[in-house]
Amino acid sequence: MIKGLNHVAIAVKNVEETAKVFEKILGVKASKAEVMPEHGVKACTIPLGNAHIELMEPLDANGGIAKFIEKTGGGLHHISLAVADIDGALKTVESKGGALIDKQGRKGIDGKIGFVHPKTLGVLLELTEPEHKH
């Protein structure tokens, strides 16, 4: 079911500023930031071989990412694992006792996604059926 690590998502106050720091310190180039109103974020990706880092900036001061940053100061938000079939993977997780946030895949920045509740594994887990390879 799991094909590998897709990405690590980091909640930040400003995507462009944080991307510049990654570029300066680590020498990695971020994609152009994309506004995703359906997820309440502006996001960009930083390719790292077979996986990437996703930087997420909240669009809404009352949204989930903004609340996460307010509570924690930002940082690691979730990890994403690549799957071949998002809907099948979500059904498998649920059939084995995992608690789902999403019962079926939905559009994400990198393909179709679905979230597994953090009470299942101790971390917010995103399953991703990527549109393309990294």
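The values are calculated or read from the model by the stated rules, or taken from the named source; none is laboratory data. Here the structure is a predicted model, which means the values were calculated and not measured. Virtual Cβ from ideal backbone geometry, glycine too; neighbours counted across all protein chains shown. Note: areas computed on protein heavy atoms with side chains; ligands, DNA, RNA excluded. Shrake-Rupley method; radii C 1.70, N 1.55, O 1.52, S 1.80 Å.
Structure data summary
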{"quantity": "Filter result for ALA9 (under 17 Å from ASP110 (Cβ atoms) and either touching a His at 6+ places or on another chain (Cβ under 7 Å) or of a type in the set (A, V, I, L, M) (or both))", "calculated": "yes"}
{"quantity": "Which numbered condition LYS24 misses (of (1) over 24 Å from PRO118 (Cα atoms); (2) at pLDDT below 95)", "calculated": "(2)"}
{"quantity": "Verdict on ALA9 being over 12 Å from the mean Cα position of the chain (by Cα) and in contact (Cβ under 8 Å) with a residue 24 or more places away in the chain", "calculated": "no"}
{"quantity": "VAL93 vs. criteria open to solvent by 20 Å² or more (accessible area, probe 1.4 Å) and not acidic (Asp, Glu)", "calculated": "yes"}
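Residues checked against (1) over 15 Å from LEU125 (Cβ atoms); (2) part of a strand (DSSP E or B); (3) open to solvent by less than 30 Å² (accessible area, probe 1.4 Å):
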{"site": "VAL8", "(1), (2), (3)": "no, yes, no"}
{"site": "ALA19", "(1), (2), (3)": "yes, no, yes"}
{"site": "SER31", "(1), (2), (3)": "yes, no, no"}
{"site": "GLU38", "(1), (2), (3)": "yes, no, no"}
{"site": "ILE46", "(1), (2), (3)": "yes, yes, yes"}
{"site": "ASN62", "(1), (2), (3)": "yes, no, no"}
{"site": "ILE69", "(1), (2), (3)": "yes, no, yes"}
{"site": "ASP102", "(1), (2), (3)": "no, no, yes"}
